[in-house]
Amino acid sequence: MTLAEKYPNNAMAFRITADSGRVYQYNAPRYSAYKINFADFRKKIEDLTGKTFSESTTFIIYYNYKDDVCSDWYSNNINSELIKRKKEYHDPFKVYIEKTYPNTVFLVLYEKGITLSDSLQYENEYFFSDKNNNIRENIFRNPTVCGSFSITKYDGTTLIYNGETTADSIAGHLKPEIWNSIFKTQ
């Protein structure tokens, strides 16, 4: 039996310590749900991206943690070639999400300490650095192997998924029968 099978509600957290180096523990919650101040959150996203979003925007964010060794693409220095490869992977998800779920924006954020090459910045950019770790500290509280996803709706309800999955799978949580079962909306 694998750890994932033994602990299906958990994700693998990691940290780096001076005495032990890289430490992995299967103790991060797979899902977390809570409510945040949406106006403050939206302002932080606008500051990061340089874009303006409506008060009714839903955000789906894929968050990458510093020192995460999830894949062969691991690096704390993301050059333009690696950004291009990552975008080739994420672009179809972004198109699907933003077409399927109106007024929803898909973003990919990188924790402070990960350097992003700015050579591929363009008008529809969706890769950004969380330069002050504002999003990390307020939303993504458990660094996990292969990052985390969040969905934040205009009322501040926020769903976090820690660990490996795909953006379209996370977006599926926006279906009313799933979202309402999580947040018990009236």
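FYI, it's all coordinate maths here, none of it is from the lab. Here the structure is a predicted model, which is why all the values come from computation and not from measurement. Don't worry about glycine lacking a Cβ; one is built from the backbone with ideal geometry, like all the others, and counts go over all protein chains shown.
A few notes on this one:
- Hull shadow area, averaged, the range 48-104 [alpha-carbon convex hull, nm²]: 5.0
- Remark: S20, S56 ranked as S20, S56, counting other beta-carbon atoms within 10 Å and listing the fewest first.
- The mean sequence distance of close C-alpha pairs (under 8 Å, at least 6 residues apart), as a share of the length of the range 31-183, puts its relative contact order at 34 percent.
- Counted over the range 31-183 with a bin width of 5 Å, the fraction of Cα pairs per bin, in whole percents, is 2, 9, 20, 24, 23, 15, 6, 1, 0.
- Partners for K35 among lysines (Cα-Cα distance below 28 Å; same-chain residues under 8 apart left out): K43, K44, K51, K66, K94, K99, K112, K131, K153, K175, K184
- Neighbourhood charge, 10 Å Cβ-Cβ cut-off, centred on V105 and excluding it, Lys, Arg +1 and Asp, Glu -1: +1
- DSSP beta bridges confined to the range 31-183 are antiparallel in about 55 percent of cases.
- Karplus-derived 3J(HN,Hα) values for the range 77-82, using 6.51 cos²θ - 1.76 cosθ + 1.60 with θ = phi - 60°, are 10, 8, 7, 5, 5, 5 Hz; glycine and proline are entered as x.
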